[in-house]
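Structure first, commentary second.
The values are calculated or read from the model by the stated rules, or taken from the named source; none is laboratory data. Everything numeric here is computed off the predicted structure, so don't read it as measured data. Heads up, the Cβs are rebuilt from the backbone with ideal geometry, glycines too, and the neighbour counts pull from every protein chain shown. We work out accessible area using only protein heavy atoms, side chains counted, and drop any ligands, DNA or RNA first. Shrake-Rupley method; radii C 1.70, N 1.55, O 1.52, S 1.80 Å.
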Amino acid sequence: QVQLVESGGGLVQPGGSLKLSCAASGLTLTDYYMSWYRQAPGKERELVASISDYRPRTDYADFVKGRFTIWRDDVDSRVYLQMNRLESKDTAVYYCRARYTRAFSGAEYWGQGTRVTVSP
């Protein structure tokens, strides 16, 4: 019954902005370490940003530092990714991942992805 649903992707010009949202259901978000990943055509999936479940700490890939911001709203059970000054290289499908932190097994869940296209 766990579901992660991403939204907010689309087509933007270089230098533009998008705000992605990940809506989580069937879980208690405070028990999960949340991340955004992306996968460009012909490339491996790569980590973009993460935010911890406890006393939230954020981490960013070097290629998005200063441009992207991740935050979480545990009351609304959503995780967001604000993307500014987008570049053509940011074109990819963006995925939300939840990793359980209250057991050693560390069960994880993935969303279906939302497409981001940056093009003139």
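The table for this structure:
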{"read-out": "Search result, residues across the range 22-32 that are in contact (Cβ under 8 Å) with a residue 60 or more places away in the chain and under 13 Å from G111 (Cα atoms)", "value": "C22, A24"}
{"read-out": "Qualifying residue in the range 79-90 (condition: touching a helix residue (DSSP H, G or I) at 6+ places or on another chain (Cβ under 8 Å) and not hydrophobic (A, V, I, L, M, F, W, C))", "value": "no"}
{"read-out": "Yes/no for G113 being open to solvent by less than 50 Å² (accessible area, probe 1.4 Å) and within 30 Å of Q1 (Cβ to Cβ)", "value": "yes"}
{"read-out": "Criterion (closer than 24 Å to D31 by Cα and in contact (Cβ under 8 Å) with a residue 40 or more places away in the chain) met by exactly one of T101, T58, T91", "value": "T101"}
{"read-out": "Filter result (open to solvent by 20 Å² or more (accessible area, probe 1.4 Å) and in contact with a strand residue (DSSP E or B) (Cβ under 7 Å, 6 or more places away or on another chain)) within the range 1-11", "value": "V2, Q3, V5, S7, G8, G9, G10, L11"}
{"read-out": "Residue in the range 54-63 that is surrounded by 15 or more Cβ atoms within 10 Å (Cβ to Cβ) and under 14 Å from V93 (Cα atoms) present", "value": "no"}
{"read-out": "A98 closer than 14 Å to L4 by Cα and either open to solvent by less than 20 Å² (accessible area, probe 1.4 Å) or among the charged types (D, E, K, R) (or both)", "value": "yes"}
{"read-out": "Criterion (basic (K, R) and open to solvent by less than 50 Å² (accessible area, probe 1.4 Å)) met by exactly one of R67, R78, R85", "value": "R67"}
